[in-house]
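Data block below; observations after.
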Amino acid sequence: MNMTLVCIDVYTVNEGDTLYGIAEKYDLPVSLLMKVNCIEDPYNLQIGTRLCIPGTEDQLPQKPEECFDTHTVVAGDTLYLIAKMHNIKLDSLMRANPTIDPYNLLIGTELLIPRS
């Protein structure tokens, strides 16, 4: 059975954290955490690094679907332009999509757009 992994949480590395400790906290294999975050050296974690915590879609925190619309990223989109297009504040858009890297929006990514 082929499961699609998604980011179910984002963890920010703190002083004293180890990849092993973070993996143990989320009950994940270290190798999976390294793979989804493109980490080559598990002993060189940088404080402040944001790590995608992988899981399956059914592990995502449930959000009431009726509170959100969606927007599929197209070439030229920026979070600012998307927020303006949907007449919402940029910080509302970012809070609704905590796993999105605002400097690396991928074409085809589906964003949640909070309804006002």
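The values are calculated or read from the model by the stated rules, or taken from the named source; none is laboratory data. Computed from a predicted structure; not experimentally measured. Reconstructed Cβ throughout: ideal geometry from the backbone, glycine too, with neighbour counts over all protein chains shown.
Residue by residue through region 58-74, note down the ones that are modelled with pLDDT of 85 or more and part of a loop (DSSP other than H, G, I, E, B). Steps first, please.
Filtering region 58-74 down to residues modelled with pLDDT of 85 or more leaves 70-74.
Matches in region 58-74: VAL73, VAL74.
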For residues that are farther than 27 Å from PRO102 by Cβ, surrounded by 13 or more Cβ atoms within 10 Å (Cβ to Cβ) and touching a residue at least 24 places away in the same chain (Cβ under 8 Å), tally how many sit in region 1-45. 1
Which one of the conditions (1) modelled with pLDDT under 85; (2) among the charged types (D, E, K, R); (3) surrounded by 14 or more Cβ atoms within 10 Å (Cβ to Cβ) does ASP77 fail to meet, given that it meets all the rest? (1)
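Out of the residues in region 83-105 that are assigned to a loop (DSSP other than H, G, I, E, B) and of a type in the set (A, V, I, L, M, F, W, C), state the one that is nearest to the chain's Cα centre (by Cα). Explain how you work it out, then say what you get.
So the first thing to find is which residues in region 83-105 are assigned to a loop (DSSP other than H, G, I, E, B), and the list is 86-89, 97-105.
Cutting the leftovers down to of a type in the set (A, V, I, L, M, F, W, C) gives us 88, 100, 105.
Numbers: ILE88: 20, ILE100: 5, LEU105: 11 Å.
Of everything passing the filter in region 83-105, ILE100 is nearest to the chain's Cα centre (by Cα).
Being modelled with pLDDT under 90 and outside any helix (DSSP H, G or I) narrows it down to one residue among GLY16, GLY108, GLY55; which is it? Full working, then the answer.
Working: GLY16 fails: modelled with pLDDT under 90; GLY108 fails: modelled with pLDDT under 90.
When all the criteria are applied, what remains is GLY55.
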If I ask for residues that are buried (at least 16 other Cβ atoms within 10 Å of the Cβ) and either within 21 Å of PRO54 (Cα to Cα) or charged (D, E, K, R) (or both), which ones from region 87-108 would you list? ALA96, ASN97, ILE100, LEU105
Would you check which residues across region 19-38 are outside any helix (DSSP H, G or I) and touching a strand residue (DSSP E or B) at 6+ places or on another chain (Cβ under 8 Å) and list them? TYR26, LEU28, ASN37
